[in-house]
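The values are calculated or read from the model by the stated rules, or taken from the named source; none is laboratory data. In this text the structure is predicted, and so the values were computed from the model without any measurement. So basically every Cβ, Gly included, is an ideal-geometry build from the backbone, and we count neighbours across all protein chains shown. Calculation scope for accessible area: heavy atoms of the full protein, side chains included, ligands and nucleic acids excluded. Shrake-Rupley method; radii C 1.70, N 1.55, O 1.52, S 1.80 Å.
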Amino acid sequence: MRVVIAEDSVLLRMGVQRLLADEGIETVAAVEDGDALLAALEEHRPDLALVDVRMPPTFTDEGLRAAIEARKRIPNLPVLVLSQYVEERYAVELLAGGANGVGYLLKERVADVSEFVAAVRRVADGGTSIDHEVITQLMVRSKRNPVDSLTQREREVLGLMAQGLSNAAIAASLVVSDGAVEKHVGNIFAKLGLEPSTSEHRRVRAVLAYLNLG
């Protein structure tokens, strides 16, 4: 796997690069601003862009805006945002722009290297990995909340789905049976107006609907 890293902190940039190298993942470019990110992505066409949100020159939303532009120039480019912040406007635009190969993780909540690497691989393969806290913050700010009809347990299941977990992994996390999770997933699809399905695409559509994006 080949990745491009966009991160203005040189220590973090080098640290992530070394961590990925230990897992057999090649960093073909490591840059510190949005313009350099776009140039590197067009040059290398990597399997994944790993992007911070706030980078030079204004340290506001350069990374996300560059990621959105990159997905316009390179359709279906997998993008995993790794940031300290949930930048509402462009986070919504990124997630709504396509159901395949998107992720948004918060740096301070990445506590396990193996889980982080799994998220990198999942997004590169076209899946999704969205931190539950990102979902929560976007929902709190949303004017319309499609989750109102879900039970608390269904919300928990959908939050774990957003992190890319399978039904079996969700069952293990919640200490319930696989059958119970399948029932909850079916209820979620029905309440969000989606035909029941176990496909990855349908699961991501459910997450987007959860965020009021779909």
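Considering (1) part of a helix (DSSP H, G or I); (2) without any contact (Cβ under 8 Å) to a residue 40 or more places away in the chain; (3) within 16 Å of the chain's Cα centre (by Cα), the lone condition that L105 does not fulfil carries the number (1). The listed residues are L50, L41, L19, L37, and the only one of them that is open to solvent by less than 10 Å² (accessible area, probe 1.4 Å), under 21 Å from R121 (Cα atoms) and in contact (Cβ under 8 Å) with a residue 60 or more places away in the chain turns out to be L50.
Close contacts from segment 56-84, counting a first residue that is closer than 19 Å to G126 by Cα and a second that is of a type in the set (A, V, I, L, M, F, W, C) and assigned to a loop (DSSP other than H, G, I, E, B), with Cβ to Cβ under 6 Å and a gap of 6+ residues or different chains, come to L64/V53; A70/L77; R71/L77.
For segment 153-175, indicate whether the set of residues that are modelled with pLDDT of 90 or more, more than 30 Å from V4 (Cα to Cα) and not in a helix (DSSP H, G or I) is non-empty. So far as segment 153-175 goes, yes, one or more of its residues are modelled with pLDDT of 90 or more, more than 30 Å from V4 (Cα to Cα) and not in a helix (DSSP H, G or I).
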